[in-house]
Amino acid sequence: MAASSVSKCFRVGHSLLSSSIQSSSLSQEATCNNLLTQQIRRFIQMRTNLKVVDNSGAKRVMCIQALKGKKGARLGDTIVASVKEAQPGGKVKKGQVVYGVVVRAAMQKGRCDGSEVKFDDNAVVLVNKQGEPIGTRVFGPVPHELRKKKHVKILSLAQHIA
């Protein structure tokens, strides 16, 4: 039964004789189409491209290593990244290896009140080895979970705390 429903999800233009079979298979196809169109949200791992949301001069970085955890980084974790795109005249240059704190992640994270927080994109704020931000402004929403991870300076620079 499960194998036949999976094959129906990927088969195109099959014919059905009975209306009851047709309605049940249409609901199965709609479910499969919803699953196929949903984005799979995973940890931030090696070679993940992230948006930089501060005014340090970098626009986009690629994760080299997550400093905590076996699977990858989540909200508030520190990563090592390489700058892929940078603005001219910024504090960081293209190709430079930097540290960053994940401030927005597409993977959902549960809160203690039962709600879950997830964002549309993956974003970081660049920091130095001591954990202090390189830029002086942070753009966009930042979750308040960073307070638990001891990144209070990033929260104070943020425009909006989610």
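The values are calculated or read from the model by the stated rules, or taken from the named source; none is laboratory data. Because the structure is a prediction, the values reported are computed rather than measured. Cβ sites come from the backbone with ideal geometry, for glycine too, and all protein chains shown count toward neighbours. Each accessible area value is taken on the protein alone, full model and side chains, heavy atoms only, with ligands, DNA and RNA left out. Shrake-Rupley method; radii C 1.70, N 1.55, O 1.52, S 1.80 Å.
Apart from one condition, Val103 fits all of (1) open to solvent by 50 Å² or more (accessible area, probe 1.4 Å); (2) touching a Pro at 6+ places or on another chain (Cβ under 9 Å); (3) hydrophobic (A, V, I, L, M, F, W, C); the exception is (1). When each of Gly135, Gly140 is tested for being closer than 21 Å to Ser82 by Cβ and not charged (D, E, K, R), the lone residue that passes is Gly135.
Table: residues versus (1) open to solvent by 50 Å² or more (accessible area, probe 1.4 Å); (2) more than 20 Å from the chain's Cα centre (by Cα); (3) among the aromatic types (Phe, Trp, Tyr); (4) modelled with pLDDT of 50 or more.
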residue: Ala3; (1), (2), (3), (4): yes, yes, no, no
residue: Val12; (1), (2), (3), (4): yes, yes, no, no
residue: Leu50; (1), (2), (3), (4): no, no, no, yes
residue: Asp54; (1), (2), (3), (4): no, no, no, yes
residue: Met62; (1), (2), (3), (4): no, no, no, yes
residue: Ala66; (1), (2), (3), (4): no, no, no, yes
residue: Val92; (1), (2), (3), (4): no, yes, no, yes
residue: Val98; (1), (2), (3), (4): no, no, no, yes
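State which residue is farthest from Asn55 (Cα to Cα) when the search covers only the stretch 128-155 and only residues that are in contact with a Lys or Arg (Cβ under 9 Å, 6 or more places away or on another chain) and buried (at least 20 other Cβ atoms within 10 Å of the Cβ). Here the answer is Pro143.
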